[in-house]
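The structure under discussion appears below in the form of structure tokens.
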Amino acid sequence: MKLAMRWFGAEHDTIPLAHIRQVPGVVGVVTTLYGSLPGQVWERDAIRHMKAQVKVHGLEVCGIESVNVHDAIKAGLPERDMYIDRYIRTLEHLGEEGIDLVCYNFMPVFDFTRTELKHMREDGATVFAYDQALVDTLDPQRMNEYMSRIAQGFVMPGWEPERVTKLQRLFQLYSQVDAQKLFDNLVYFLQALMPVCRRYGIRMAIHPDDPPWSVFGLPRIVGDAQGLSRIVAAVDDPHNGVTLCTGSLGANPNNDLSAIIRGLQGRIHFAHVRNVRHTSPGVFEECAHLSRDGSLDMYAIMQAFYLSGFDGVIRPDHGRDIFGEQAMPGYGLYDRAIGCGYLSGLWEALQKQTQG
Ligand code: DNO
């Protein structure tokens, strides 16, 4: 496995690459072209500049998180072919620059959703938390205002203002799109992408829905073992794969993560590994990566990755905000660095146990 951390670019991230470089075991970052809008073609110069910035610090760009998918593609509008064509051009440019891993999601309207970004835990750390009952009382049209209020000045990934200013129109777009249509639109998109992915060896890695169930009545199709295997089977090409996000899928206690990892052998191209603590149905909070701090067995998860021969990119995911660090909620350096140490430790133990 290749250990990486997410980095939001020099203009948006408070964490310098020089600090990421000092986290033991980390070889690179996953990043994106911040400021590019869904539907825009990424130019080669911009990609080259991003790579050079990272390289100066002795790190590599291990993959892109994310090349966002335009809503016309997800909703299957007539102009989707134009946007798919632009996506393909972006992939060509990434491939020409030697980047071969692309994470994306297919959630209508919203990316990951939380009701608290600074939930206080007993030890004074703060974490992301989610309460379905509270979401049910929120006006989806005002969800962007809600998120920006709780983000306290930070622009959270997936909640960039340009994406969420036209909520009413977006909800209308999806009024005729049920789960089956959304799935068909995903298959249409992936089929169109496969030739360019084969040409450049680019692995597409769909991120699960977060939380892994429908919110605000919008269809969601990437929330469990069945949904994931249906996607990989529908476009049965190794370039069509998954970002296995343990925290997103793990928010549903019925998801058996080790079984999901084993079932997707060879099709997991990227892993986000973090723990989550279930409080009651539809309610969860994030926590430290350590197994005993949450509800997931992180040893069993890493073992499933190890035994299924996973050799892709792993990154720790959202961390707690600790030690008084001032950073984007969930994406501070300290707790993610602790997460890296823990994941590397589990991996080393697995390697040594197996090798005897
Ligand atoms: C949240 C992230 C997501 C993820 C996208 C992938 O912190 O896990 O925003 O990057 O859903 O496209």
query = Any residue in region 144-162 that is under 29 Å from K51 (Cα atoms), away from the ligand (no atom under 16 Å from the Cβ), touching a Phe, Trp or Tyr at 6+ places or on another chain (Cβ under 8 Å) and assigned to a helix (DSSP H, G or I)?
reply = no
Where K2 falls short, out of the listed (1) buried (at least 19 other Cβ atoms within 10 Å of the Cβ); (2) touching a residue at least 40 places away in the same chain (Cβ under 8 Å); (3) under 17 Å from the mean Cα position of the chain (by Cα) = (1)
inquiry  = Which pairs turn up if I take residues in region 308-328 that are away from the ligand (no atom under 16 Å from the Cβ) and look for partners that are of a type in the set (V, I, T) with beta carbon separation below 9 Å, at least 6 apart in sequence or on another chain?
reply    = S308/I261; S308/I268; F310/I261; F310/I268; I322/T126; I322/I338; E325/T14; Q326/T14
request  = Residues being modelled with pLDDT of 95 or more, more than 16 Å from the ligand (Cβ to nearest atom) and within 30 Å of D85 (Cβ to Cβ): count how many of those fall in region 1-39.
outcome  = 1
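Do we have L186 as over 30 Å from E325 (Cα atoms), within 16 Å of the ligand (Cβ to nearest atom) and over 18 Å from the mean Cα position of the chain (by Cα) here?
Criteria not met by L186.
The values are calculated or read from the model by the stated rules, or taken from the named source; none is laboratory data. On a predicted model such as this, the values are computed, not experimentally measured, just so you know. A quick note on method: Cβ atoms are made from the backbone with ideal geometry, for glycine too, and the neighbour counts reach across all protein chains shown.
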